Protein chains: 2
Amino acid sequence: MKVEYINPFILATRKVLSTMAFVDSKPSKPYLKPEDNQQALGVISAVIELSGESKGSIAVSFSKNCILDVASQMFGDQYTELNEEVIDIVGELVNMISGEARRELAKLGFHFSAGIPITFKGEGHEMKHFVQARIIVIPFETKSGQYFIEACFDSKKFLEG
Amino acid sequence: MKVEYINPFILATRKVLSTMAFVDSKPSKPYLKPEDNQQALGVISAVIELSGESKGSIAVSFSKNCILDVASQMFGDQYTELNEEVIDIVGELVNMISGEARRELAKLGFHFSAGIPITFKGEGHEMKHFVQARIIVIPFETKSGQYFIEACFDSKKFLEG
């Protein structure tokens, strides 16, 4: 995947987390997820379908400490467990990240529309993308732990440029 | 427009404003915008294209006091003017409202995907929807003033049930 197509996802994710939750995140090097591994990298996740330029989806998956800190920062309350409210927040975050990333991608001439977030919870839960294709993982580090973005698109043109 | 199709927009809007900005809003009776009137009802607005069940768009338009209060509540800073940051917030709000409303509409069997927000600013600015159709306005009252949701869809089936 060409770096100019990955950058919009990185920029969008950092912007949403910093704007909405005042949480700084540092991206590490993106990598391809092993083909037979459909397991989420975090314990709470949300995936959203994208269509247009190509078909695919993006997902965000948080470690427990990280999402509890993000939720607490966003709403000023102290969250201590992965309840329904926290699940909703993860859905809302992937919706916002998708909006920001699509705005950046549109500047490069790639137009996508988005579905509605689907959320998952639980240690080692499955992560269901919308197409069968290689998954690119972007790990992010925050002061409260890790989270991950996954991008999965069926178009070689979009992925490989 | 059947009340069961308007309700998801009302519920979504109230939920987003109360969750994200701790702002309660009271909806008034929806009405049809006069056909020759393309003027926004507030001074800062964002519109987002929806497609799927039918083609159309929803928009949100805020009075100045109302959006400054919403922005201040969301971020803890005191906003006093309609700067770039506030414009971004309006775009983000319509993205979140669209996500919530589409989630509710999906429960009724209506599936929509969403584009990216387009923002407008200025007294009496034009409000550009994505299809030529009658526009339904839902006014909301908050302690800091009014804002408005507009919904504009080209399908009689979706609008009239």
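Each listed q (0.16, 0.18, 0.25, 0.26 Å⁻¹) maps to a log10 I(q)/I(0) for segment A:86-161, found by the Debye formula over equal Cα scatterers with no solvent: -0.73, -0.93, -1.58, -1.61. As a rough footprinting exposure proxy, the listed residues B:142, B:80 were ranked by other beta carbons within 10 Å of their own, and the order from fewest upward is B:80, B:142. For residue A:77, inter-copy separations between label points set 7 Å beyond Cα along the Cβ vector come to 2.6 nm, shortest first. For residue B:131 and residue B:28, the difference between the fully extended length at 0.36 nm per residue and the C-alpha to C-alpha distance is 34.6 nm. Here chain B carries DSSP beta bridges of which approximately 100% are antiparallel, counting only pairs with both residues inside.
Radius of gyration (Cα atoms) of chain B, expressed as a multiple of 2.2 N^0.38 Å: 0.96. Counting other Cβ atoms within 10 Å as a rough exposure proxy, the listed residues B:116, A:136 run A:136, B:116 from fewest neighbours to most. Angle of helix B:64-75 to the longest C-alpha principal axis of chain B, folded into 0 to 90 degrees and rounded to 10: 80°. Quick check: the angle from helix A:84-107's long axis to the longest principal axis of chain A, C-alpha only, nearest 10 degrees? The angle comes out near 30 degrees.
For the residue pairs A:121/B:26; A:26/B:128; B:26/B:55, the C-alpha atoms sit more than 32 angstrom apart in A:121/B:26; A:26/B:128.
In the protein assembly as shown, if every C-alpha pair distance is counted and binned at 20 Å from zero, what percent goes to each bin? In whole percents, the pair-distance histogram is 33, 58, 9.
Shown for residue B:111: label points 7 Å from Cα along the beta-carbon vector, and their distances to the equivalent points in the other copies, 2.2 nm in ascending order. Distance between the pseudo-spin-label points of residue A:77 and residue A:111 (7 Å out from Cα toward the beta carbon): 4.0 nm. The order of A:77, B:69, A:88, going from fewest to most other C-beta atoms within 10 Å of their C-beta, is A:77, A:88, B:69.
Among chain A residues, the one whose Cβ is nearest the axis of the rotation from A to B, given with its distance rounded to whole Å, is A:113, 2. Can you give the Rg/Rh ratio of segment A:7-64, where Rg is from the C-alpha atoms and Rh is the Kirkwood radius? The Rg/Rh ratio comes out at 0.97. Between copies, the label points of residue A:18, set 7 Å from Cα on the Cα→Cβ line, lie 3.3 nm apart, reported in increasing order to one decimal in nanometres. The packing ranking of peptides A:8-21, B:34-47, highest mean first, is A:8-21, B:34-47, where packing means the average number of other beta carbon atoms within 10 angstrom of each residue.
Coordinate-derived values only; no laboratory data. From a predicted model like this one, the values you see are computed outputs, not experimental measurements. Every residue, glycine as well, gets a Cβ built from its backbone with ideal geometry; the counts of neighbours run over all protein chains shown.
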